[in-house]
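The values are calculated or read from the model by the stated rules, or taken from the named source; none is laboratory data. Only a predicted model underlies this, so the values are computations on that prediction, with no experimental measurement involved. Here Cβ is always computed from backbone atoms with ideal geometry, including for glycine, and neighbour counts include all displayed protein chains. The accessibility values were calculated without ligands, DNA or RNA, using every heavy atom of the protein model including side chains. Shrake-Rupley method; radii C 1.70, N 1.55, O 1.52, S 1.80 Å.
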Amino acid sequence: MDELRLKLAVQKSGRLTDPSLDILFRCGLKLSRGKDQLMGYGENMPLDVLFVRDDDIPDLVQEDVCDLGLVGLNVLEEKRLELRERGQAARFQQIRTLDFGRCRLSLAVPEGVSFEGSSSLRGKRIATTYPFLLQRYLRERDISADIVTLSGAVEIAPRLGRADLICDLVSTGSTLQANHLREVETVMESHAVIIRTPLTLPPEKDEWVERLMMRIDGVQQVKESKYIMLHAPRSALPEIRRLLPGSESPTIIPLEGSTEKVAIHAVCRENVFWETLESLKKAGASALLVLPVEKMLA
Ligand code: ATP
Ligand code: ZN
């Protein structure tokens, strides 16, 4: 392996895989995947992608096998606590928050079981794949309960009589519902993050980390951004500026043959909804045009 190529760990197959590859692709990365599918080779960047189980991603950075990793905050924090418990320091730094992989680690009880705040957890058996996060939560509330650590299929543990309740990841809640469980408390909110090694990298590699992070910022910013163009009477300018969602100072352009009307161009950092366009029209705007923004570099 080339020492000057960055190594980035990404989940091999799961909820983070598609959005991770999508963001890298939007950053301009062209990836060719080998036959074994375990490694992707960056054709136009000195960056290789390792496809692994998400639980192994913090370890790969911790052990300097990879320089970067893309993983859920839930997995990362669990690992950090586990290392702390063993008296070891985490050797990964979180350098970006990503806008996908949103979920929460929650406590859920079987339907029909009452729950009156965290004191209801006393002496109960709680099944989870996140024993360290759950332990921290219980300790902070001074509650002693039995943590039943499982490697998967946590949601069926109460029905199998292995636990009284569970602590598991939830996004929409449909899995809980299907298993007749009721979400009662959030232990932690989570989303995907990028981590890097705290080691000093050779300048060539460091420069590419910087470039990649800048592109990621750009990609995340433009996702919701729109370029909006419209005509409006000068007198309506204050009202129109107020209505434009999340825009910085717009460009005002005179219109040929009109002293009273101008053209306004602005980048809106939020989605522009029909309601906004209707309000703009009411305020005097005409010839409204909304365009998607493809790339942005501040
Ligand atoms: P692996 O085989 O890589 O260990 P896994 O089964 O542990 O896969 P996934 O279910 O694919 O993992 O979830 C990966 C990550 O996606 C989670 O750690 C979490 O950060 C995020 N995630 C987002 N929404 C959910 C959800 N509803 N349930 C579980 N994880 C979610
Ligand atoms: Zn996993």
Beyond 25 Å between alpha-carbons counts as too far, so tell me which of K30/K295; K226/K261; K12/K295 fall in that bin.
K12/K295
Gap separating the Cα centres of the range 78-98 and the range 226-298, nearest whole Å
46
Per residue, how large is the accessible surface of the range 103-190? Use a 1.4 angstrom probe and give square angstrom.
52
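With a 1.4 Å probe and all protein chains left in place, how much of the accessible area of the chain comes from carbon and sulfur atoms, in whole percent?
Percent of accessible area from carbon and sulfur atoms in the chain: 50.
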Rough spin-label spacing in nm, given labels placed 7 Å along Cα→Cβ, for E111 and E43
5.2
Two-decimal Rg/Rh across the chain, once Rg and the Kirkwood Rh are taken from alpha-carbon atoms
1.10
How far apart, in nm, are two points set 7 Å out from the Cα along the Cα-to-Cβ line at S144 and at I252?
7.1
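Explain nothing, just the number: dipole magnitude of the chain about its Cα centre with +1 on each Lys and Arg Cβ and -1 on each Asp and Glu Cβ, in debye rounded to the nearest 20.
On the way: 40 positive and 44 negative charges, 84 e Å.
Roughly 400 debye for the chain.
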For the range 108-179, with only Lys/Arg (+1) and Asp/Glu (-1) charged at the beta-carbon, what is the dipole magnitude about the Cα centre, in debye rounded to 20?
180
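Could you give the alpha-carbon Rg of the range 226-292 over 2.2 N^0.38 Å, rounded to two decimals? Write out the running numbers ahead of the final one.
On the way: Rg = 10.8 Å, N = 67, 2.2 N^0.38 = 10.9 Å.
Scaled against compact globular proteins, the figure is 1.00.
Accessible area per residue of the range 226-292 at 1.4 Å probe, in Å²? Before the final figure, lay out each step's value.
Working: 4180 Å² over 67 residues.
Dividing the accessible area of the range 226-292 by its residue count gives 62 Å².
Would you tally the net charge around S235, using a Cβ to Cβ cut-off of less than 12 Å, leaving S235 out, and scoring K and R as +1, D and E as -1? The partial results should precede the final answer.
Values: positive: R234, K261; negative: E239, E260.
Taking every Cβ under 12 Å from that of S235, the sum is 0.
Classify the range 1-46 as rounded, prolate or oblate, taking a ≥ b ≥ c as the square roots of the eigenvalues of its Cα gyration tensor: rounded when a/c is under 1.5, otherwise prolate if a/b is larger than b/c and oblate if not. Please list the in-between numbers first.
Numbers: a/c = 1.79, a/b = 1.29, b/c = 1.39.
Oblate is the answer for the range 1-46, as a/c is 1.5 or above yet b/c matches or exceeds a/b.
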With P19 itself left out, Lys, Arg at +1 and Asp, Glu at -1 over residues whose Cβ is under 13 Å from its Cβ give 0
Under a crude label model (7 Å from the Cα following the beta-carbon direction), how far is K281 from S13 in nanometres?
4.9
For the range 103-190, shape from the Cα gyration tensor axes a ≥ b ≥ c, cut at a/c of 1.5 then a/b versus b/c, turns out rounded
Nearby lysines by direct alpha-carbon distance to K124 (threshold 25 angstrom, same-chain neighbours under 8 apart not counted):
K79
